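Taking it in order: structure first as structure tokens, then the write-up.
The values are calculated or read from the model by the stated rules, or taken from the named source; none is laboratory data. Predicted model, so just to flag it, every value in this text is computed and none were measured. Here Cβ is always computed from backbone atoms with ideal geometry, including for glycine, and neighbour counts include all displayed protein chains. Calculation scope for accessible area: heavy atoms of the full protein, side chains included, ligands and nucleic acids excluded. Shrake-Rupley method; radii C 1.70, N 1.55, O 1.52, S 1.80 Å.
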Amino acid sequence: MCIPDGTLRARLDGELGQAELAGTEEHLRTCARCRERAAAVAERAGRAQALFSELGPEADLSPADAAAAYARLEHGRSDRIVDSRWRRLFPARLTPAWGAVAAVALVAVLATSAPTRSVAQRLLGLFRVKAVVAVPMERDFGGDFTAEKRDVLQQVLADSMVTLVESRRVPVAAREEATKLAGFDVQLPALRQDQPQLAVITEHKVEFTVSAERVRTLLSVVGRTDLNLPAGLDGAKVLVDAPAGVMARYGECPDWPRLRGQAAQQLASCMVVVQSPGPTVVTTPELDLTGVAEFGLQLTGMTPEQAHTFAQTVDWTSTAAIPIPRNTVSSETVSINGTPGILLTGARFRERTDIPPSWVVLWVKGGMMYSVTGFGDTATAVPLAESLR
Amino acid sequence: MEYAGEAAMDVGLREGSAEGGGWPERAFEAVFLEYYARLVGILYRMVGDRGHAEEIASESFLKLYQASSGSWRNPGGWLYRTATRLAIDSVRAGNRRNLSLSEAAEAVAIAPAADPLDDALRRERTRQVRAALARLKPAQAQLLTLRASGLSYKELADALQMKPASVGRLLGRAEAAFEKAYRRLEAAPWRSSASKEN
């Protein structure tokens with residue numbers, strides 16, 4: 001029986017098993033036709049190889065080249081999730097203004113000290129905060145909001161902003177010193193007898209310009225290409241000025257990112273009070289704030305109709321809207337000595353059922369924003385907040 | 001108010017959402033360092049430009065990073081297959097985009113005065129080889145390229161999802177198709193631009 005071409009070809013590459021090779025050689029010795037075919041297969045392989053040699057040698061890269069390439073990839077880590085279409089659109093990398101939408105739609109008000117800190121903290125645009133309102137996010141960014149996506153958004157927000165004044169954290173020894181540095185009367189909860197660690201977080205001021213193209217890219221990241229951009233958004237300039245605030249930490253509070261390693265009983269004593277004058281947001285007059293609010297509300301999952309209705313009920317020039325991921329954070333309206341505020345309760349940590357959920361009370365009074373954060377029993381939240389003086 | 005924000009909402013985002021694709025960081029790095037130089041070397045022959053080859057390699061790794069965990073079991077094979085396919089697509093797109101009929105004719109007929117004729121002819125031949133490769137079935141072009149770069153039959157079978165026992169037969173066929181495509185281009189070089197895809 002004659003040898004198939006494929007076997008003759010594999011023979012050339014030394015890819016035949018011992019037995020098969022022996023059988024093949026044996027056959028070739030006695031079969032002139034197969035010898036001819038074997039020669040033809042070899043010649044053709046030789047010609048193909050010669051053609052290939054026209055392409056020149058392979059590029060010769062060293063391990064150092066590979067390491068450098070990996071570093072570049074790591075550096076552009078946030079690009080990972082951006083699919084190649086976008087990379088062609090923005091060849092250099094994600095450059096400024098990209099996330100300005102998010103910043104307009106979700107301007108950082110909660111994060112008065114550092115607007116670029118976290119996407120989750122970005123709030124709707126406004127001029128001067130006089131009130132807070134919770135906006136449940138039906139389609140929170142949580143579901144498919146991977147760490148990579150968050151990195152992209154944060155990077156973009158960071159890229160898109162020009163920091164005019166950089167906030168610093170200045171530890172201070174006593175309330176009087178904090179009052180003097182921050183420029184307002186610092187209030188502390190009378191229900192806590194222990195001494196807080198006090199720090200003044202100095203003013204933070206950023207500026208950015210919105211680009212419609214970047215906004216659309218951002219919408220692609222969050223999967224909302226269905227949204228129409230509000231009129232006047234493209235090219236709008238936005239200035240956010242977060243005045244100096246004061247942070248008071250009671251008990252054993254964790255450094256936030258390391259919370260996983262924190263012992264539960266330590267957290268029980270932790271409480272953080274933050275206060276600062278409401279930030280001001282200045283935008284170009286053409287920008288229709290209600291339109292931006294509607295856009296932002298749709299971004300958080302409201303239907304266009306819901307967003308429109310809701311947007312009419314709020315004075316966006318003075319209200320900080322706080323997006324609440326509905327599946328992980330619950331919110332309720334509370335009264336702090338007669339002033340309306342909101343109480344947010346966080347979900348438990350997945351792996352650490354021993355760690356109590358965190359809660360935050362937020363309210364605005366007399367132009368000042370206050371937040372009180374703690375862990376565990378939410379029944380203590382409002383009394384603690386009301387004891388500020 | 002950093003604590004306020006982070007306490008209530010970051011907790012939700014941080015803990016409630018996945019940490020990403022699931023590649024252990026070190027594992028991905030190891031795969032990258034093992035295969036990157038090799039891939040760029042192979043891709044360089046296919047596209048003829050180192051920068052472009054590196055781009056395609058990086059894109060392949062990005063795809064691998066995002067791919068489902070099934071691809072991790074044999075990252076080498078997956079990378080070889082994906083990267084060579086991207087290179088073929090890129091060469092094909094380049095043929096369509098960059099070479100008008102007149103440009104192709106010009107490249108053959110009017111070698112730039114400053115270049116020795118030999119050089120011009122060699123460059124043209126290189127381009128024809130590349131064009132011939134790009135006109136094969138992708139699987140054939142991948143097989144030829146990866147074999148020319150020294151992959152064993154087992155590695156080829158892993159990368160291109162074929163039986164190891166079939167590699168010899170398919171390789172022989174691919175060589176025949178390659179030669180035929182090249183001869184056609186040689187006889188009518190303008191085909192390398194005014195190709196079937198147009």
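Might you let me know whether the stretch B:132-146 holds any residue that is at pLDDT below 90 and open to solvent by less than 40 Å² (accessible area, probe 1.4 Å)? The answer is yes; a qualifying residue exists.
Of the residues A:Ala68, A:Ala32, A:Ala38, only one is surrounded by 12 or more Cβ atoms within 10 Å (Cβ to Cβ) and either at pLDDT 90 or above or in contact with a helix residue (DSSP H, G or I) (Cβ under 8 Å, 6 or more places away or on another chain) (or both); which?
Residue meeting the stated conditions: A:Ala38.
Among residues of the stretch B:24-43 being within 7 Å of another protein chain (Cβ to nearest Cβ) and not aliphatic (A, V, I, L, M), the one that is nearest to A:Gly56 (Cα to Cα) is B:Gly41. Residue count for the stretch B:44-76 under the criterion of being within 8 Å of another protein chain (Cβ to nearest Cβ) and among the hydrophobic types (A, V, I, L, M, F, W, C): the result is 5. Against the numbered list (1) among the charged types (D, E, K, R); (2) more than 19 Å from A:Thr202 (Cα to Cα); (3) at pLDDT below 75, A:Glu252 comes up short only at (3). The set of residues in the stretch A:365-381 that are open to solvent by 20 Å² or more (accessible area, probe 1.4 Å) and polar (S, T, N, Q) comprises A:Thr378, A:Thr380. Scanning the stretch B:159-184 for residues that are away from chain A (no Cβ under 11 Å) and either open to solvent by less than 10 Å² (accessible area, probe 1.4 Å) or part of a helix (DSSP H, G or I) (or both) gives B:Ala159, B:Leu160, B:Arg184. If you go through the stretch A:187-227 and pick out every residue that is in a loop (DSSP other than H, G, I, E, B) and among the aliphatic types (A, V, I, L, M), you end up with 6. Only residues that are within 14 Å of chain B (Cβ to nearest Cβ) and among the β-branched types (Val, Ile, Thr) were counted in the stretch A:17-49, giving 2.
Could you tell me how many of the residues in the stretch A:1-16 are modelled with pLDDT of 90 or more and more than 10 Å from every other protein chain (Cβ to nearest Cβ)?
Result for the stretch A:1-16: 1.
Scanning the stretch A:305-327 turns up at least one residue that is of a type in the set (Asp, Glu), farther than 30 Å from A:Glu386 by Cα and either surrounded by fewer than 20 Cβ atoms within 10 Å (Cβ to Cβ) or modelled with pLDDT under 80 (or both).
Once the stretch A:50-62 is narrowed to residues that are more than 7 Å from every other protein chain (Cβ to nearest Cβ) and outside any loop (DSSP other than H, G, I, E, B), the residue that is most open to solvent (accessible area, probe 1.4 Å) is A:Ser53. For the stretch A:350-364, give me each residue that is at pLDDT below 75, open to solvent by less than 20 Å² (accessible area, probe 1.4 Å) and away from chain B (no Cβ under 11 Å). Listed by number, the list is empty, since nothing qualifies. Looking only at residues in the stretch B:148-158 that are more than 8 Å from chain A (Cβ to nearest Cβ) and either among the charged types (D, E, K, R) or within 17 Å of B:Arg173 (Cα to Cα) (or both), the one that is most open to solvent (accessible area, probe 1.4 Å) is B:Lys154.
Screening the stretch A:357-376 for residues that are without any contact (Cβ under 8 Å) to a residue 40 or more places away in the chain and of a type in the set (A, V, I, L, M) and picking the one that is nearest to A:Thr339 (Cα to Cα) gives A:Val361.
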